[in-house]
Amino acid sequence: MTATKRQKIIALRKSIKKWQDIVNGVDMDMGAINCECCHEYGANDHCLGCPIAEYAGNSHCEDTPYALFIAHIVSCEPGFNECGCNLIVNIPPADGDPIDQYCPEARGLALDELAYLKLILKELME
């Protein structure tokens, strides 16, 4: 396994943990701020080398479940609204405190993103 492939696997595993924590209600999405793949492969550099971008064929997570997740979140009004999403962002949770900020639709979209990342990891490890 090359160092580049190893780095991709490590970054992807950290991104998977982020999304597992989001699904479990103990973390929140802060976009590139808490995305290990964005840190490693620089979203500002068109995601060159990012395993997600390579798999999707686009930069900045276009054409991925994340795009649907963020579109849902962005369509919500700030604060709690009719769908229940709380859009207070960039505030990390206290240790172990559940966040419970996402409505069922957003949680389902987060599950889709988690499954997508696991698929990419599986294919990368083959």
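Below is a table of values for the structure above.
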read-out: Complete set of residues in the stretch 39-62 that are within 13 Å of the chain's Cα centre (by Cα) and of a type in the set (D, E, K, R); value: E62
read-out: The stretch 87-121, residues that are part of a loop (DSSP other than H, G, I, E, B), modelled with pLDDT of 50 or more and among the aliphatic types (A, V, I, L, M); value: A94, I99
read-out: Some residue of the stretch 53-76 being assigned to a loop (DSSP other than H, G, I, E, B) and modelled with pLDDT under 75; value: yes
read-out: All positions within the stretch 32-46 that are in a loop (DSSP other than H, G, I, E, B), among the hydrophobic types (A, V, I, L, M, F, W, C) and at pLDDT below 90; value: none
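The values are calculated or read from the model by the stated rules, or taken from the named source; none is laboratory data. Here the structure is a predicted model, which means the values were calculated and not measured.
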